[in-house]
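J.: Got a structure here, written out as structure tokens. Questions coming.
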Amino acid sequence: MILLTVLIIVTASISILFVGRLPLTMNDWLSMSPLARIALSLRVPRVVFSLIAGASLAAAGAALQAVFRNPLASPSILGVSQGAAFGAAVGILMFSGIAALIEASAFVSGLAAVMFTYFLARMVRYGGSILRLILAGMASAALFNAGVGVVKSLADPLKQLPEITFWLLGSFAGLTEYEVVTAGSVALVGAVAVGILSWRLNILSLGDEQAKALGVNPRIYRNAAIFASITAVSAVTAVAGQIMWIGLVMPHLGRKVVGSDNRRAVPAAALIGALIMLIADDIARGVSAAEIPLSVVTSLIGVPIFVAILSMRESRK
Amino acid sequence: MKFCKQKCLRKGLTKTAGLVIILVIVVIGVLAGSYYFGGMISGVEENVSDTSTPSKTSWVIDDYGRNVTLPLSIERIVFAGKGARTIVQSAYAFRSAPEKIVGLDTSSAGSPIVQAVDPYIENKTVMEPLNLNAEEVLALNPDVVIFKSYMRSKGGKQIEESGVPVIYLDMETPETFFSGFMILGKVFGEEDRARELVDYMKSVLDVVDDRVSKVPESERPRVLFLYYSTKGGTIAFKVPGQHWIQNVIVEKAGGISVSANMSSSGWSVVNLEQIIRWNPDYVFVVTYRSDPSPTDIAQQILKDPDWSTVKAVKEGHVYGVPGGFDSWDMPTPKWILCVLWMAKHLYPDLFRDVDVKEKAIEYFMTLYGLPRETAESLVPPEVQ
């Protein structure tokens, strides 16, 4: 099953290399004309990063859903994306042009946001643990969104504002090979760590009491899984901006296909995430003369899938 | 069972009906409220025109189509808010601007032209443009406040309500640019000068048009106007949308803008594949900053292997737009010079006798009444 998915992804990745704004003939490809070579050098980094980003966002989403025992948990519902967006916006305003600093700012801020959500959830004295988390996440996400709003109002409307706005909707358009390698490897490390932890996630999703009874310290593994997830998400967000819905929907799709055992659901989510992201970025770069913001595409793909899964739920059980 | 169903249904119905009633009440309330307040606001506006100064009054129609009655004598003018910089550069073409402008934004006050033209700039109230403070503006006791058009929703209305005449200027298209100049002329009480300056600026455009208009459509070069943005850590290629002044500049200079049909109205991001597909004959670059300068980027593009198949690169036709941060393509009076500068690049033979640098010096001398040396210092070094 997994082998088949991998095969599909590899074929899709290779065939998508032939699609883009540049119309190339068969001859171009066969003779490897300069145009074909340029097209490859432009498309390969994006395809590689699409796969990594899709896989790590989906794996992170799956891990967060297991850790928080909440099917609605996702990077954006916990405030990671908004936190990273805020960090990046502040970075754009303060150290314009210095990529590493902006990305570091996004990364740290993403981490801070999820910690804040966690902290708030402990303070909430209303509802069960799931509701508390959703409420805390809403509060934290709203707070960081407001922060982004403040930064936007301070930004230069002619120059900085469009950068922030486009950034909030995500894009792989400006990715350099250097960014693909650095952010890509950080995201990959996070995703692999999530994968390694996935067998413990099953125990965590039973609840703290059960985990302790089974001799697992829930706190250590929970923190490790959270840290691995937000590392992956923040790394992707730091160079590509906010990408919605992948982290929420792909884990559901993964579980739908292979069941709720995290040892299988996490890799499945990652593979499906990679595939969907590949297609989404191809649409973003290839459909119109202007690049379409990635989140617009991922939302258009993700929302129908989400609704479909929700309406299927009953029949499965 | 059946009984419950009916009961529940009835209960449900009552609930729904209740909700509908509440909804209707809310909608009516909102409508009535907006009608009431809308009426109040238009009432205020009517009052303003009613209580205008006695005897002869003058008025202008601004770019929102608002009929603004001007006080009989205007001695204190304030420019404020975001984007004021572009209109302030036009305002200083009027002789009485240094005396009459009492307050302006930091960005305008720091611009080289204002520094060169206004001897009293040190004594003026300089305001932060990003967060408009209505009290700060009103404290200057202005006779007229002038904003860039998009400031209306960002604090402009507050000042309108205080009764001080507010004028919104767009000046982003040739039409609103020249009409804005005429409005400024009226505000400064220099209508003759406004006419004279508009005629002069149009004459510069005519110099280009006379030569370029004879070039048939099929022989016009295809031009990419490229905003090379490095903000936000990543490189983005952006192109101006349909009605933007950058596309107007390209068209007036006798080129065909490859991005003229982009549906978006602002800058849209394109990827390099799209640029290679357009395969423009000429590329003009802006960065809106001095580091990297447009000229640096033009050089970089010429050397970039990924760009090597683009016709403009093959033929060496990649140029940085003069001005850096204070770029010539912006909707300040300099956009007219940009047309001339670009036309000379597109048609070197047709413009062999035109010295762009000399024309730019004459332009700054005419517009701002500056001595030759000062005017020369305002021409960026990259203009030859």
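The values are calculated or read from the model by the stated rules, or taken from the named source; none is laboratory data. All values reported here derive from a predicted model rather than from experimental measurement. Because the Cβ atoms are built from the backbone with ideal geometry, glycine has one as well, and the counts that use them run over all protein chains shown. Surface accessibility is based on the protein's heavy atoms, side chains included, excluding ligands, DNA and RNA. Shrake-Rupley method; radii C 1.70, N 1.55, O 1.52, S 1.80 Å.
J.: Is there any pair with a first residue in the range A:44-67 that is more than 13 Å from A:ALA228 (Cα to Cα) and of a type in the set (Val, Ile, Thr) and a second that is open to solvent by 10 Å² or more (accessible area, probe 1.4 Å) and part of a helix (DSSP H, G or I) whose Cβ atoms are under 7 Å apart and which are 6 or more apart or on different chains, and what are they?
T.: A:VAL47/A:SER13; A:VAL47/A:ILE16; A:VAL48/A:VAL180; A:ILE52/A:LEU188
J.: Among the residues that make up the range B:198-218, is at least one of them in a strand (DSSP E or B) and within 30 Å of A:PRO34 (Cα to Cα)? Can you show your working first?
T.: Applying the first criterion (in a strand (DSSP E or B)) to the range B:198-218 yields none.
So far as the range B:198-218 goes, no, none of its residues is in a strand (DSSP E or B) and within 30 Å of A:PRO34 (Cα to Cα).
J.: Among the numbered criteria (1) closer than 19 Å to A:MET244 by Cα; (2) within 14 Å of another protein chain (Cβ to nearest Cβ); (3) open to solvent by 40 Å² or more (accessible area, probe 1.4 Å), which single criterion is violated by A:GLY149?
T.: It fails just one condition, (3).
J.: State which residue is surrounded by the most Cβ atoms within 10 Å (Cβ to Cβ) when the search covers only the range A:177-199 and only residues that are of a type in the set (A, V, I, L, M) and within 14 Å of chain B (Cβ to nearest Cβ). Reasoning before the result, please.
T.: Kept after step one, since they are of a type in the set (A, V, I, L, M), are these residues of the range A:177-199: A:180-181, A:183, A:186-189, A:191-194, A:196-197.
Okay, now just the ones that are also within 14 Å of chain B (Cβ to nearest Cβ), so A:180, A:183.
Numbers: A:VAL180: 21, A:ALA183: 25.
Of everything passing the filter in the range A:177-199, A:ALA183 is surrounded by the most Cβ atoms within 10 Å (Cβ to Cβ).
J.: Shifting gears a bit: Could you check how many residues of the range B:130-150 are modelled with pLDDT of 85 or more and in contact with a Lys or Arg (Cβ under 7 Å, 6 or more places away or on another chain)? Before the answer, list the steps.
T.: We begin by selecting, within the range B:130-150, every residue modelled with pLDDT of 85 or more; these are B:134-149.
Next, only the ones that are in contact with a Lys or Arg (Cβ under 7 Å, 6 or more places away or on another chain) stay: B:140-143, B:148.
Here the count works out to 5.
J.: Another question, if that's okay. Any residue in the range B:356-384 that is within 20 Å of B:MET201 (Cβ to Cβ) sitting within a Cβ distance under 8 Å of a residue that is of a type in the set (Lys, Arg) and open to solvent by 70 Å² or more (accessible area, probe 1.4 Å)? List the pairs, counting only those 6 or more apart or interchain.
T.: Hits for this filter: B:ILE361/B:ARG372; B:MET365/B:ARG372; B:GLY369/B:ARG95; B:VAL379/B:LYS357; B:VAL383/B:LYS357.
J.: Kindly state which helices (runs of 4 or more DSSP H) lie completely within the range A:2-79 and contain at least 3 residues that are open to solvent by 10 Å² or more (accessible area, probe 1.4 Å) and closer than 21 Å to A:VAL287 by Cβ. Break it down stepwise before answering.
T.: On the way: elements: A:2-16, A:26-31, A:34-67.
In the range A:2-79, the matching helices (runs of 4 or more DSSP H) lie at A:2-16, A:34-67.
J.: Of all the residues that make up the range B:272-299, how many are open to solvent by 40 Å² or more (accessible area, probe 1.4 Å) and under 28 Å from B:GLU219 (Cα atoms)? Lay out the reasoning, then the answer.
T.: Within the range B:272-299, the first condition is being open to solvent by 40 Å² or more (accessible area, probe 1.4 Å), and the residues that meet it are B:277, B:279, B:289-291, B:295-296, B:299.
Those still in the list that are under 28 Å from B:GLU219 (Cα atoms) too: B:277, B:279, B:295, B:299.
Counting residues in the range B:272-299 that are open to solvent by 40 Å² or more (accessible area, probe 1.4 Å) and under 28 Å from B:GLU219 (Cα atoms) gives 4.
J.: While we're here: B:ALA253 passes all but one of (1) small (Gly, Ala, Ser); (2) closer than 23 Å to A:ARG285 by Cα; (3) within 20 Å of the chain's Cα centre (by Cα); which number fails?
T.: The failed condition is (2).
J.: Conditions first: (1) within 19 Å of the chain's Cα centre (by Cα); (2) crowded, with 23+ Cβ neighbours inside 10 Å; (3) under 18 Å from A:GLU291 (Cβ atoms). B:SER264 passes all but one, so which condition is the exception?
T.: In the conditions (1) within 19 Å of the chain's Cα centre (by Cα); (2) crowded, with 23+ Cβ neighbours inside 10 Å; (3) under 18 Å from A:GLU291 (Cβ atoms), B:SER264 misses (2) alone.
J.: Do we find that A:ALA280 is touching a residue at least 12 places away in the same chain (Cβ under 8 Å) and farther than 30 Å from B:ILE275 by Cβ in this structure? Steps first, please.
T.: Values: touching a residue at least 12 places away in the same chain (Cβ under 8 Å): yes; farther than 30 Å from B:ILE275 by Cβ: no.
The answer is no for A:ALA280.
Here is a yes/no grid of residues against (1) modelled with pLDDT of 95 or more; (2) among the β-branched types (Val, Ile, Thr):
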{"residue": "B:PHE284", "(1), (2)": "yes, no"}
{"residue": "B:ILE297", "(1), (2)": "no, yes"}
{"residue": "B:GLU315", "(1), (2)": "yes, no"}
{"residue": "B:MET330", "(1), (2)": "no, no"}
{"residue": "B:LYS334", "(1), (2)": "no, no"}
{"residue": "B:CYS338", "(1), (2)": "yes, no"}
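J.: A further question follows. Would you please list the contacts, defined by Cβ atoms under 8 Å and residues six or more apart or on different chains, that run from a residue in the range B:252-275 that is under 19 Å from B:ASP329 (Cα atoms) and more than 9 Å from every other protein chain (Cβ to nearest Cβ) to a residue that is of a type in the set (Phe, Trp, Tyr) and part of a strand (DSSP E or B)?
T.: Listed pairs, sorted by first residue: B:GLY255/B:TYR282; B:SER257/B:PHE225.
J.: Also: Looking only at the range B:213-242, which residues are surrounded by fewer than 21 Cβ atoms within 10 Å (Cβ to Cβ) and either away from chain A (no Cβ under 14 Å) or of a type in the set (Lys, Arg) (or both)?
T.: B:SER213, B:LYS214, B:VAL215, B:PRO216, B:GLU217, B:SER218, B:GLU219, B:ARG220, B:PRO221, B:ARG222
J.: Any residue at all in the range B:341-349 that's over 26 Å from the mean Cα position of the chain (by Cα), in a loop (DSSP other than H, G, I, E, B) and under 30 Å from B:THR176 (Cβ atoms)? Step through it out loud before you land on a result.
T.: Start the filter on the range B:341-349 by keeping residues that are over 26 Å from the mean Cα position of the chain (by Cα), which leaves B:347-349.
Remaining after also requiring in a loop (DSSP other than H, G, I, E, B): B:347-349.
Checking which are under 30 Å from B:THR176 (Cβ atoms) leaves us with B:347.
Yes, the conditions are met somewhere in the range B:341-349.
J.: Conditions: (1) closer than 30 Å to B:ARG289 by Cβ; (2) open to solvent by 10 Å² or more (accessible area, probe 1.4 Å). B:ALA91 meets all but one. Number of the miss?
T.: Condition (2) is where B:ALA91 drops out.
J.: Going by the structure shown, is B:VAL248 surrounded by fewer than 24 Cβ atoms within 10 Å (Cβ to Cβ), more than 8 Å from chain A (Cβ to nearest Cβ), under 19 Å from B:TYR319 (Cα atoms) and of a type in the set (A, V, I, L, M, F, W, C)?
T.: So B:VAL248 fits the description; yes.
J.: Within the range A:200-222, how many residues turn out to be surrounded by fewer than 13 Cβ atoms within 10 Å (Cβ to Cβ) and either of a type in the set (A, V, I, L, M, F, W, C) or closer than 30 Å to A:THR237 by Cβ (or both)? Please lay out each step first, then the result.
T.: Going residue by residue through the range A:200-222, those that are surrounded by fewer than 13 Cβ atoms within 10 Å (Cβ to Cβ) are A:209, A:213-215, A:217, A:219-220.
Retained after the next criterion (residues that are either of a type in the set (A, V, I, L, M, F, W, C) or closer than 30 Å to A:THR237 by Cβ (or both)): A:213-214, A:217, A:219-220.
The qualifying residues number 5.
J.: In addition: Yes or no: B:PRO348 crowded, with 23+ Cβ neighbours inside 10 Å, out of contact with any strand residue (DSSP E or B) (no Cβ under 8 Å at 6 or more places or on another chain) and of a type outside the set (S, T, N, Q)? Let's see the steps before the verdict.
T.: Numbers: crowded, with 23+ Cβ neighbours inside 10 Å: no; out of contact with any strand residue (DSSP E or B) (no Cβ under 8 Å at 6 or more places or on another chain): yes; of a type outside the set (S, T, N, Q): yes.
No, not satisfied.
J.: Under 6 Å between Cβ atoms, at least 6 apart or on separate chains: pull out the pairs that start in the range A:294-317 with a residue that is part of a helix (DSSP H, G or I) and end on any residue that is modelled with pLDDT under 90 and surrounded by fewer than 18 Cβ atoms within 10 Å (Cβ to Cβ).
T.: Pairs found: none.
J.: Considering only residues that are within 14 Å of chain B (Cβ to nearest Cβ) and part of a loop (DSSP other than H, G, I, E, B), look in the range A:258-293 and name the one that is surrounded by the fewest Cβ atoms within 10 Å (Cβ to Cβ).
T.: Step one: list which residues in the range A:258-293 are within 14 Å of chain B (Cβ to nearest Cβ), which gives A:281-293.
Restricting the remaining residues to those that are part of a loop (DSSP other than H, G, I, E, B) gives A:287-293.
Numbers: A:VAL287: 12, A:SER288: 16, A:ALA289: 19, A:ALA290: 20, A:GLU291: 25, A:ILE292: 21, A:PRO293: 22.
Only one residue fits best here, namely A:VAL287.
Here's the yes/no breakdown for (1) buried (at least 23 other Cβ atoms within 10 Å of the Cβ); (2) assigned to a strand (DSSP E or B); (3) away from every other protein chain (no Cβ under 14 Å):
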| residue | (1), (2), (3) |
| --- | --- |
| B:VAL78 | yes, yes, yes |
| B:ILE87 | yes, no, no |
| B:ARG95 | no, no, yes |
| B:VAL102 | no, yes, yes |
| B:VAL114 | yes, no, yes |
| B:PHE147 | yes, yes, no |
| B:GLN158 | no, no, yes |
